[in-house]
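Colleague: Before we start, here is the structure in question, set down as structure tokens.
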Amino acid sequence: MHEGDSAGGNSRLPRRPGRVRRLLVYVVLALLSAAAGVGTTLIVQQAGAGRPGGTGTPRAARPGALNDEAVYDAVEPGVVDVTADLQYLQETAEGTGFVIDAAAGLVLTNNHVIDGATSVTVTPVTSGKSYPARVLGYDVADDIALLQLRGVTGLAAVAIGDSSRVRVGTPVLAIGNEAGQGGSPTVAPGVISSLARTIVASDQSSGLTEILHGMLQTSADIRPGDSGGPLADAAGQVIGIDTAAGGDAVYSGYAIPIGQALPIARLIAAGRPGARVQIGLPASLGVLLPASASADPRRQASQETRQTGTAGGSGTGCVDGTTAASPASIAPARSGALVDGVLCGTPAAAAGLSAGDVVTSAGGRAVTTPGSLNAILGRCLPDSKTPLAWVSPGGSRHTATVTLVAGPAG
């Protein structure tokens with residue numbers, strides 16, 4: 001790790017090339033803050049105003065106010081690397097997480113670290129051994145995900161601080177898995193430069209865009225791969241989750257306050273789903289659908305063409321998840337969900353669905369729009385059997401009973 005005790009520096013360990021997509025989201029749009037400021041890591045190009053009294057140039061931290069090595073030694077035993085297998089995109093994504101309950105094997109990270117994942121692997125940095133992790137659940141809107149390691153001994157939980165007591169000028173240390181390199185975590189010292197920021201952030205790799213509220217802004221140099229990692233104070237207590245970076249005049253890091261994240265984690269751990277909380281991985285059919293609220297499949301196709309700027313898919317075979325084009329031929333159905341593509345190795349592919357088909361019913365319910373199909377599937381569980389009906393571009397009607405699989409997260 002970087003040695004030293006300067007709380008305001010930007011030193012980091014030397015970087016090694018990452019082997020896959022490294023998570024970080026970036027701020028892209030300014031918004032007004034509700035109070036006063038997205039792994040990857042999310043990119044932030046601009047951010048909303050901070051809480052009154054929380055903006056401007058941060059006061060200099062007292063020399064020696066934060067000892068990098070002491071804080072690192074306190075937090076590092078609870079840090080883990082997170083690898084998300086994005087099966088349908090044929091790639092993996094790397095981020096960070098930290099243990100919040102060693103006995104239960106609970107690991108906290110960002111939702112965007114596991115977005116699109118069909119499976120997740122967690123590697124405690126102290127042992128270097130990798131374990132499959134169960135996705136207990138996630139909250140897309142608040143960018144929180146909770147993982148669980150079962151039967152893993154020797155885990156250590158981080159100490160949790162009080163993010164409500166954080167002030168501008170508080171010295172902090174951002175710890176993460178920069179560039180997805182694995183091994184000993186990288187560190188970046190800094191100070192809290194603003195409070196309660198609202199940001200609009202995006203992951204340039206996946207296209208994910210999200211609005212996050214109440215963020216801590218820091219001068220710590222948060223980089224791709226750090227997403228989900230701990231932001232610790234001088235006492236070695238975690239007060240935030242490294243989440244985003246970017247800005248206009250000054251490049252800053254952003255962290256979700258731990259006080260906002262833990263209540264969500266508790267809901268997930270208790271298995272309590274909600275409008276914002278998904279418990280476990282969702283059930284998946286394996287079809288790509290247009291982003292349209294129209295009931296008319298042809299209108300769905302035209303709207304998709306305007307949104308993506310592409311048209312004329314092959315209409316046959318399966319895709320790997322990177323294709324986003326309207327099909328060349330569309331089934332003659334008055335309403336339903338147009339199939340833009342079918343992911344390889346999924347229930348839809350096994351049933352024989354193809355691009356251009358229109359799904360008209362699922363689970364015994366009429367499908368009127370792409371959104372209604374998503375809503376029906378959202379009430380199903382992985383491994384459940386679901387009757388399906390669809391119309392092909394030639395006008396033929398088809399039915400099948402499919403066994404849904406655990407779909408990608410997010």
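Colleague: Once the piece of chain linking THR368 and LYS129 is laid out straight, how much longer is it, given 0.36 nm per residue of separation minus the C-alpha distance between them? Intermediate values should be presented prior to the final figure.
Modeller: Details: separation 239, 0.36 × 239 = 86.04 nm, distance 4.77 nm.
My answer for the length gained is 81.3 nm.
Colleague: Could I ask something else about it? State the extension gain, in nm to one decimal, for the chain segment bounded by ARG334 and ALA156, taking 0.36 nm per residue of separation less the distance between their alpha-carbons. It would help to have the intermediate numbers written out before the result.
Modeller: Values: separation 178, 0.36 × 178 = 64.08 nm, distance 5.72 nm.
Contour length minus the Cα-Cα distance gives 58.4 nm.
Colleague: Quick check for me: using +1 on Lys/Arg Cβ and -1 on Asp/Glu Cβ, what's the dipole size of the range 122-206 about its Cα centre, in debye to the nearest 20? If you can, show how the numbers build up before the last one.
Modeller: Working: 6 positive and 6 negative charges, 52 e Å.
Computed about the Cα centre, the dipole is about 260 debye.
Colleague: Which peptide among 175-187, 126-138, 256-268, 346-358 comes first, and what is the full order, when sorted by highest mean count of other Cβ atoms within 10 Å?
Modeller: Details: 175-187: 24.5, 126-138: 18.4, 256-268: 20.6, 346-358: 22.2.
Those peptides, ordered most packed to least, come out 175-187, 346-358, 256-268, 126-138.
Colleague: If each of ILE211 and ARG272 carries a label point 7 Å out from its Cα toward its Cβ, how far apart are those two points in nm?
Modeller: Spacing of the two 7 Å Cα→Cβ label points: 2.5 nm.
Colleague: Ok, one more. What distance in nm separates the simple spin-label points at GLU91 and ASP73, each placed 7 Å from Cα in the Cβ direction?
Modeller: 4.0
Each reported figure results from applying straightforward, stated rules to the coordinates on display, with no laboratory input. Small disclaimer: the values here were computed from a predicted structure and weren't measured. Using ideal geometry, Cβ is built from the backbone for each residue, glycine included, and neighbour counts are taken over all protein chains shown.
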